[in-house]
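Colleague: Just passing along the structure, written as structure tokens.
The values are calculated or read from the model by the stated rules, or taken from the named source; none is laboratory data. Just so you know, these numbers come straight off a predicted model, no measurement behind them. When we count neighbours, we look across all protein chains shown, and the Cβ atoms used for this are built from the backbone with ideal geometry, even at glycine. Quick note on the areas: whole protein, heavy atoms, side chains included, nothing else; ligands and nucleic acids left out. Shrake-Rupley method; radii C 1.70, N 1.55, O 1.52, S 1.80 Å.
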Amino acid sequence: EAPLEGEAWQQADLAYKSYSAGRYRDALEQVNAALKLRPEVVRLNLLQVYTLQKLGRTTQARQAAQAAIKRGVDDPALRATVKNLQPQGAAAPGKGPSAAYQKGFPLATKGYAAYNAGDMPGAARYGEQAFRADPTQGPWALLWLDALEAQEKWSDGVKAANEAIALKPPNLSDIEARRAMLQRRMAVLPTQQAYKALIENNPAEAARLARVAVDLAPDVASQRLLLVTALLQNKQPAAAEQAATEALQENDENTVMLVMRAYLRQLQGNADAAKGDFDEALAQDWLDDDQRRNVRLIAIDGALAAGDTARADQLLSQLDASDEATIKRRKALDEAKKPPAKLTTA
């Protein structure tokens with residue numbers, strides 16, 4: 001959004017001051033004047049909605065939020081406000097909102113107002129209080145978590161998400177996704193520290209830190225590769241293979257991890273298992289020609305290391321004979337096929 005200027009800024013400034021002072025009728029008149037000049041500004045639309053709520057005009061507040069969304073002012077707080085104004089099973093047919101909803105709604109309103117004003121500690125506090133008052137209102141839990149995230153309180157956010165999930169909100173999957181995102185944020189620091197440890201030639205510490213990162217964010221493939229690499233450099237091929245297997249359990253189509261595990265298995269002398277991984281990687285139909293060539297070259301190296309000249313020959317036959325990498329491996333294969341030199345007294 002372009003910053004507010006001129007008359008729009010003056011009316012908005014007056015509206016916020018009136019709202020803070022509890023002069024809601026004045027605030028509504030002033031924010032409406034600002035919106036006529038800048039109808040696309042999210043915070044002005046939210047202020048209008050919150051002011052209508054303060055005046056007890058719940059239906060108008062919901063309609064104002066819906067109208068803003070229809071105009072293209074699509075903001076999470078606006079969408080959440082529309083939901084807040086429509087109790088999710090909080091009222092029986094023919095009855096008003098539940099006591100829990102009536103208790104939580106004013107707190108949620110304060111929370112959204114605080115969030116819109118940039119008061120994230122206040123938004124988190126009111127969001128938590130509102131959600132605990134009525135756990136059927138899932139968007140209030142998201143307000144709580146969003147405010148903690150905005151303060152970069154990743155650990156507090158994960159703890160809050162766990163507490164919210166324990167209260168069985170209706171939007172459980174949304175909160176679980178938010179928790180996963182917060183954990184990914186937490187994983188950034190140990191990941192950076194692990195890379196630093198590798199650079200400083202301390203693979204044991206790198207492996208420890210990479211494990212912390214993987215435990216926090218198991219779906220991040222780069223962190224799993226970092227763990228495998230650190231374990232390999234720390235001369236723990238069996239542990240590295242296990243870490244690669246765990247990564248493939250998370251994503252069985254991860255080509256890099258599949259080739260990495262094949263290499264690790266070959267390194268430990270398990271040629272048959274390595275061959276299976278290489279063949280599975282080569283069968284992946286989404287690889288481009290360069291990627292498939294690279295996998296094939298590594299598989300050829302594995303076959304040569306295992307002394308399986310027939311397999312190396314078969315894999316080589318599918319590569320460009322004029323390719324420098326192919327020529328190099330063809331030479332190695334020819335040398336491997338030569339009979340051993342006669343034993344001499346020397």
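Colleague: In degrees between 0 and 90, to the nearest 10, how far off the longest principal axis of the chain does helix 24-37 point, with axes built from Cα atoms?
Modeller: 60 degrees
Colleague: Please give the per residue volume of the convex hull enclosing the alpha carbon atoms of segment 197-303, rounded to a whole number of Å³.
Modeller: Values: hull volume 10.5 nm³, N = 107.
Hull volume normalised by residue count: 98 Å³.
Colleague: Ok, one more. Arranged from highest to lowest average of other beta-carbon atoms within 10 Å per residue, in what order do the peptides 223-231, 252-260 appear?
Modeller: On the way: 223-231: 24.9, 252-260: 18.9.
Highest mean packing first, the order is 223-231, 252-260.
Colleague: Then there's this: With all protein chains present, how much of the accessible area of segment 212-346 (probe radius 1.4 Å) comes from carbon and sulfur, to the nearest whole percent? Don't skip to the end; give the middle numbers.
Modeller: On the way: 3880 of 7690 Å².
Carbon with sulfur: 50 percent of the solvent-accessible area.
Colleague: Helix 120-133 sits at what angle to the longest principal axis of the chain, using alpha carbons and giving 0 to 90 degrees rounded to 10?
Modeller: 80 degrees
Colleague: Also, I was wondering about something else. If you take every residue apart from Tyr263 with its C-beta less than 10 Å away from the C-beta of Tyr263, what net charge results, scoring Lys and Arg +1 and Asp and Glu -1?
Modeller: On the way: positive: Arg261, Arg265; negative: Glu241, Asp277, Asp301.
With Lys, Arg at +1 and Asp, Glu at -1, the net is -1.
Colleague: Comparing Ala123, Ala244, Ala332, which has the greatest mean-square fluctuation in the GNM of the chain with Cα pairs linked when under 10 Å apart?
Modeller: Answer for the Gaussian network model of the chain: Ala332.
Colleague: Could you tell me the largest-minus-smallest coordinate of the C-alpha atoms of the chain on each of the three principal axes, in descending order and whole angstroms?
Modeller: The Cα atoms of the chain stretch 108, 45, 40 Å along their principal axes.
Colleague: How far is helix 289-306 tilted off the main Cα axis of the chain, in degrees rounded to 10, range 0 to 90?
Modeller: 50 degrees
Colleague: Projected onto the charge dipole of the chain (+1 at Lys/Arg Cβ, -1 at Asp/Glu Cβ, origin at the Cα centre), which of Ala130, Leu264, Gln242 gives the Cα projection farthest towards the positive end?
Modeller: Looking along the dipole axis, the top candidate is Ala130.
Colleague: Before I look further, what does the chain give for accessible area per residue, probe 1.4 Å, in whole square angstrom?
Modeller: Values: 18390 Å² over 346 residues.
Per residue, the chain has 53 Å² of solvent-accessible surface.
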